[in-house]
Amino acid sequence: MSENKFCEFKSYSEPGPGDGGRTGAWRVVRPVIDKEKCIPCKKNKQACFTCWLLCPDGVVSKDIPPAIDYEYCKGCGICAEECPVGAIVMVEETSIDKEEC
Amino acid sequence: MHIIESGNVAAAHGVRLSRAQVIAAYPITPQTPLTEKLSEFVEGNELQAEYIPVESEHSALSVCIAASSAGARAFTATSANGLLYMNEQLHWAAGARLPIVMCVVNRGVGAPWTIWNDHQDSISQRDTGWIQLYACDHQQIIDTVIKAFYLAEAVKIPVMVCYDGYILSHTYMPFQVPDSDAVEEFLPAFSREYCLDPENPANLNTVTLPDSRDNIRGEKAPGYMEIRHGLHTDMRKSMDVLSDIDHAFESKFQRGGFSYLENYRCEDADYAVVCMGSLSYQFHDAVDILREQGYSVGVSGLRLYRPFPEQIVRDAFSARKGLIVFEKALSYGNQGALFADIKSALYSCNQRPFVQNCILGLGGREIKTQDLVETLKSACEQEGATQDAPQWMGLQLENSE
């Protein structure tokens, strides 16, 4: 039987940050967490984490306070929409001083 | 063991002996008896497979795609409009490099509605990236199905095994059913390097951007164009693999061995007929009759249509005086697809025959051997030139010539 190698190139992507490229550049508005309102921050307990649960890109951490990875956050706004205490607001990227962040 | 059965049952035995693990199909004439037989095999424990009834052909191939992605040997079968309903998934199966085998029981395509034989269904799917093999009789059907699994899994490209509806699917002929142990030795159990694995989750064939880029490990991942280029180059390389498989099969089972072209009285023929499927065997009679009358003719049945064996075609035909391509399909508004392919293959030859095209047998129109004799005879006598426009045989128009 011939020794040719077949199917050298295939589409096979493993889950992990950056498989879709640095998608943070797509963002027009960014979610910003108000730690005064955020439930786990206020109670200092592993509670709520609705933003972590519902983020479609898995860029919100389950920490206190929850951290958002802006390298990959596309700014979809689901976290802000779903936060039960309105602790996340979407801020125009253009209004953010790049040197600050 | 020899049995006398229909072409559809021959195909079903081929699938049984190949130990398909997942079968999903939707019944359509003239394929139905094939899938009925397979469900009998599964029900009677003669075949350890999951038989999944589905609500459409699109779903049938989708199930096969999923099964094959999960690492199972998958089979489906269809005809005509059923094949066309699979069209999107045909491209997907090939691009995803899934070694699915499908029987296409060739039938004309509606409208107007027809259930009878021609080749428009599979020919219209020639650019989907599937390998297409055409069988000429019952023995070739069962043998080709077994070889098709081997080929698909060796080159990781899905394979269609095409055979004529009714003419082969519903007629009864004696054929040899190979011993299951011998087939098991010939065709190893299914193994797949890349399939879904819960231990190592991965996304297969996700959206792929125009440019290639790094994967999460920082290695360069192929882009869409590299993956598609790979499909094409592997298709080309699969011709050698088919030839190897045919030789291995022949040495084990003492039959077969026509990988690309099956020639009849062609060695010294000035004029050769090229066609596909059972028509090439019907032409044996026409060739015999014309040989008796002193005409130097032969017939060549093309077994492999995609990938197209250009070099084999050049070697076989460039020194002939004339070539007549008989086709049961048409690229509407142009000419027969096989005719165009053959002319294209011969273009790079310094010496080449005239080539003519004859369209016949659409929607099951009867092909009379005497008509084949007359058409071939007049092509030989005219010492013709290449004509791009096809002539039609068996057309019943008033005032037609």
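The values are calculated or read from the model by the stated rules, or taken from the named source; none is laboratory data. On a predicted model such as this, the values are computed, not experimentally measured, just so you know. Heads up, the Cβs are rebuilt from the backbone with ideal geometry, glycines too, and the neighbour counts pull from every protein chain shown. To get the accessible areas, we keep the full protein, side chains included, count just its heavy atoms, and leave off ligands, DNA and RNA. Shrake-Rupley method; radii C 1.70, N 1.55, O 1.52, S 1.80 Å.
Key figures
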| quantity | calculated |
| --- | --- |
| Within a Gaussian network of chain B (alpha carbon springs, distance under 10 Å), most fluctuating of B:272, B:329, B:202 | B:202 |
| Degrees, to the nearest 10: B:32-43 long Cα axis against longest axis of chain B | 30 |
| Nearest-0.05 FRET efficiency for residue B:111 and residue B:374, computed from C-beta distance (R0 35 Å) | 0.65 |
| Size-normalised alpha-carbon gyration radius of the stretch B:261-399, reference 2.2 N^0.38 Å | 0.97 |
| Most to least accessible of B:130, A:52, B:113, B:92 (protein chains only, probe 1.4 Å) | B:113, B:92, A:52, B:130 |
| Low-density loop positions, GluC sites (Glu not before Pro), the stretch A:50-99 - DSSP coil, at most 12 other Cβ in 10 Å | A:71, A:99 |
| Mean shadow area of chain B over all directions, Cα convex hull, nm² | 21.7 |
| Long-range amide H partners of residue B:306 with built H, under 5 Å | B:132 |
| Carbon/sulfur fraction of accessible area - the protein assembly as shown, other protein chains in place, 1.4 Å, % | 49 |
| Centre separation in Å (Cα based) which lies between the stretch B:232-264 and the stretch B:99-169 | 16 |
| Theoretical FRET efficiency, 1/(1+(r/R0)^6), r = Cβ-Cβ of residue B:263 and residue B:288, R0 22 Å, to 0.05 | 0.95 |
| Amide proton proximity set for residue B:273, modelled H, under 5 Å, gap of 5+ | B:298, B:299, B:300, B:324 |
| Length-normalised contact order of the stretch B:2-186 in % [C-alpha pairs under 8 Å, at least 6 apart] | 30 |
| Solvent exposure ordering (accessible area, 1.4 Å, most first) of B:13, B:232 | B:232, B:13 |
| Relative contact order (%) - criterion: Cα under 8 Å, at least six apart; region: chain B | 15 |
| Calculated FRET efficiency for the pair residue B:40/residue B:217, C-beta based, R₀ 51 Å, to 0.05 | 0.55 |
| Calculated log₁₀ intensity ratio I(q)/I(0) where the Debye formula runs over C-alpha points of the protein assembly as shown, q = 0.06, 0.08, 0.10 Å⁻¹ | -0.38, -0.60, -0.81 |
| Spatial separation of Cα centroids for the stretch B:309-334 and the stretch B:361-377, in angstrom | 18 |
| Long-range tail of P(r) for the stretch B:167-229 (Cα pairs > 13 Å, %) | 79 |
| Summed buried accessible surface, chains A and B, 1.4 Å probe, nearest 100 Å² | 2200 |
| Chain A: relative contact order in percent, alpha carbon pairs under 8 Å with at least 6 residues between | 35 |
| Sparsely packed trypsin sites (Lys or Arg not before Pro) within the stretch B:205-268, loop by DSSP, other Cβ within 10 Å at most 11 | B:217 |
| Under the Debye formula (equal points on every Cα, no solvent term), log10 I(q)/I(0) of the stretch B:2-186 at q = 0.11, 0.17 Å⁻¹ | -0.39, -1.01 |
| GluC sites (Glu not before Pro) within the stretch B:33-77, DSSP loop, no more than 15 other Cβ atoms inside 10 Å | B:46, B:55 |
| Gaussian network model of chain B, Cα within-10 Å springs - most flexible of B:77, B:337, B:11 | B:337 |
| Nitroxide proxy distance, nm - points 7 Å out along Cα→Cβ at residue B:179 and residue B:70 | 3.5 |
| Inter-label distance for residue B:189 and residue A:96, nm, one decimal - labels placed 7 Å from Cα along Cα-to-Cβ | 5.4 |
| Mean accessible surface per residue for chain B, computed with a 1.4 Å probe while every protein chain stays in place, in Å² | 42 |
